[in-house]
Amino acid sequence: MTKGRLVGLEGSFAIAEAVRMANVDVISAYPITPQTHIVERLAEMIADGVLDAEFICVESEHSAMSACVGASAAGARVFTCSASQGLELMHEVLYIPSSMRLPVVAVAANRALSAPLSVWCDHSDAMAIRDIGWIQVFAENNQQALDLQVCAYRTAEDKEVLFPAMVHIDGFYLSHVIEGVMLPDEEEVAHFIPDYRHPFVLDPENPVSMGCYGPPFIYPEAKKAQEVDFQSTKPKIQEIWNEFGETFGRYYLPVETYRMEDARSALLTMGSSGETAMLAVDELRREGKEVGLIRLRLWRPFPFKELREAVKDLELLVVLDRALSFGMGGPVCSEVKSALYDKRKDLNIVGFIAGLGGRDITIEAFKHMVDRARARVKAVEPGEEIEPEMIGVRE
């Protein structure tokens with residue numbers, strides 16, 4: 001194992017370095033804030049001869065994903081990225097690589113959806129694509145962004161997986177912020193990600209059909225098979241993350257915890273807000289409060305077993321959502337409640353929605369969530385539903 005080389009990189013450039021070291025064949029993308037720095041840097045690498053890849057300039061994100069689908073089906077290692085409205089324009093095509101088992105790898109520099117127009121981060125775009133059948137992972141910092149991007153190629157292209165993968169980085173919070181990043185040794189990355197060969201590649205000499213018409217007598221069976229295979233990827237994802245840790249010294253888990261050894265209450269976060277939540281937990285601990293932190297690293301396939309293990313000793317779980325499911329509340333909170341319903345009916349789960357459109361979530365905000373959640377639990381009758389609450393919003 002080598003330690004690599006420490007450099008200062010913004011998250012977008014860290015992603016670009018990971019894509020370069022993965023030795024991709026085809027990049028197809030359309031610029032949109034805050035993703036643009038990623039493909040700008042990759043275009044420079046290709047122009048300078050640092051990366052031997054084909055850059056396909058397209059007229060929209062819909063075309064970008066379409067090009068990636070075709071290239072991946074023909075056996076190329078591909079990359080694209082987008083955000084917000086661009087990810088929504090891409091949405092129609094996102095279902096195709098999952099259904100056709102094409103290991104397309106993408107990055108979402110998460111950004112709020114219109115309207116009103118916002119270029120700042122929240123997770124509304126990530127939540128809008130949660131049901132498309134892509135492996136989805138969330139990074140908290142630039143090092144994780146690079147590492148998880150490397151792992152995404154190894155995972156998606158594994159013959160026991162063959163599903164597309166998307167790495168989520170919070171727009172601006174990670175994409176445009178410079179942090180110290182340990183660049184791994186390129187030879188070790190090349191060894192970690194073997195040459196890609198799709199077992200059912202499109203070949204004019206041996207033609208096959210992909211994505212054919214599926215009448216009702218076969219469509220449900222196709223979706224059932226897709227779901228069974230998608231769920232079965234979880235052990236392989238963890239196996240590859242473990243191998244990455246053994247090679248590069250940084251380990252990842254579907255559900256990661258902080259100061260949970262004796263916690264009775266815990267915050268739950270996804271993305272860059274997790275590091276702010278850690279500081280809040282430290283302050284709460286100094287105040288004598290038994291509070292910990294749970295961070296969802298793997299969003300799809302959902303880590304049911306790992307989440308249930310993480311909350312087994314808790315009395316209160318405070319879930320942060322950076323997106324709003326209109327008429328329902330927070331999508332993460334609703335899924336957490338569903339995952340725990342028949343396992344921990346005694347656990348109080350209180351959801352908060354914050355950080356929409358890039359509004360900062362401070363240490364004090366996290367501390368307020370914990371105090372507010374405890375007060376709300378005391379104010380309701382046992383078994384009574386606690387409605388999600390939006391905080392930090394002017395009346």
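Residue under question is F366, and the condition is that it be in contact (Cβ under 8 Å) with a residue 60 or more places away in the chain, outside any loop (DSSP other than H, G, I, E, B) and among the aromatic types (F, W, Y); does it hold?
Details: in contact (Cβ under 8 Å) with a residue 60 or more places away in the chain: yes; outside any loop (DSSP other than H, G, I, E, B): yes; among the aromatic types (F, W, Y): yes.
Here the answer is yes, as F366 does meet what is asked.
Using the structure shown, decide if S232 is of a type in the set (G, A, S) and assigned by TED's automatic domain parsing to the domain that holds V137.
Details: of a type in the set (G, A, S): yes; assigned by TED's automatic domain parsing to the domain that holds V137: yes.
Criteria met by S232.
I want to confirm something. Restricting to the stretch 1-21 and keeping residues that are more than 19 Å from the chain's Cα centre (by Cα) and among the aliphatic types (A, V, I, L, M), which single residue is modelled with the lowest pLDDT?
Of the stretch 1-21, the ones more than 19 Å from the chain's Cα centre (by Cα) are 1-9, 20-21.
Right, trim to among the aliphatic types (A, V, I, L, M) and you get 1, 6-7, 9, 21.
Values: M1: 51, L6: 96, V7: 97, L9: 98, M21: 98.
Looking at residues that are more than 19 Å from the chain's Cα centre (by Cα) and among the aliphatic types (A, V, I, L, M), I get M1.
Please go through the stretch 223-251 and give me each residue that is surrounded by fewer than 12 Cβ atoms within 10 Å (Cβ to Cβ) and either among the basic types (K, R) or at pLDDT below 95 (or both), ordered by number.
Hit for the stretch 223-251 is K224, nothing else.
Within the stretch 351-367, count every residue that is farther than 14 Å from H123 by Cβ and surrounded by 23 or more Cβ atoms within 10 Å (Cβ to Cβ). Steps first, answer last, please.
Restricting attention to the stretch 351-367, the residues satisfying the condition of being farther than 14 Å from H123 by Cβ are 360, 362-367.
Then keep just the ones that are surrounded by 23 or more Cβ atoms within 10 Å (Cβ to Cβ); that gives 366.
Total satisfying the criteria: 1.
For the stretch 194-222, what are the residues that are over 23 Å from G70 (Cα atoms) and exposed (fewer than 10 other Cβ atoms within 10 Å of the Cβ)?
Start the filter on the stretch 194-222 by keeping residues that are over 23 Å from G70 (Cα atoms), which leaves 215-218, 220-221.
P215, P216, F217, listed by residue number.
Residue check: is I46 surrounded by 24 or more Cβ atoms within 10 Å (Cβ to Cβ) and assigned by TED's automatic domain parsing to the domain that holds A145?
No, not satisfied.
For the stretch 371-388, name all the residues that are outside any loop (DSSP other than H, G, I, E, B) and either modelled with pLDDT under 90 or surrounded by 12 or more Cβ atoms within 10 Å (Cβ to Cβ) (or both).
Matches in the stretch 371-388: D371, R372, A373, R374, R376, V377.
Considering only the stretch 192-212, I want to know if a residue exists there that is in contact with a Gly (Cβ under 7 Å, 6 or more places away or on another chain), farther than 18 Å from L307 by Cβ and basic (K, R). Don't jump to the end; show me each part of the working.
So the first thing to find is which residues in the stretch 192-212 are in contact with a Gly (Cβ under 7 Å, 6 or more places away or on another chain), and the list is 197-198, 201.
Adding the requirement that they be farther than 18 Å from L307 by Cβ leaves 197-198, 201.
Still in the list and also basic (K, R): 197.
So far as the stretch 192-212 goes, yes, one or more of its residues are in contact with a Gly (Cβ under 7 Å, 6 or more places away or on another chain), farther than 18 Å from L307 by Cβ and basic (K, R).
Restricting the first residue to the stretch 209-231 and requiring it to be of a type in the set (K, R), which pairs with a second residue that is surrounded by 10 or more Cβ atoms within 10 Å (Cβ to Cβ) and assigned to a helix (DSSP H, G or I) meet a Cβ separation below 9 Å and a spacing of at least six or different chains?
From the stretch 209-231, the pairs are K223/S99.
Can you name every residue in the stretch 261-279 that is surrounded by 15 or more Cβ atoms within 10 Å (Cβ to Cβ) and more than 23 Å from the chain's Cα centre (by Cα)? Outline the logic, then answer.
First pass over the stretch 261-279, keeping only residues surrounded by 15 or more Cβ atoms within 10 Å (Cβ to Cβ): 263, 265-278.
Residues satisfying the conditions are A263, S265.
The values are calculated or read from the model by the stated rules, or taken from the named source; none is laboratory data. Model, not experiment: these values are computed from the prediction. Because the Cβ atoms are built from the backbone with ideal geometry, glycine has one as well, and the counts that use them run over all protein chains shown.
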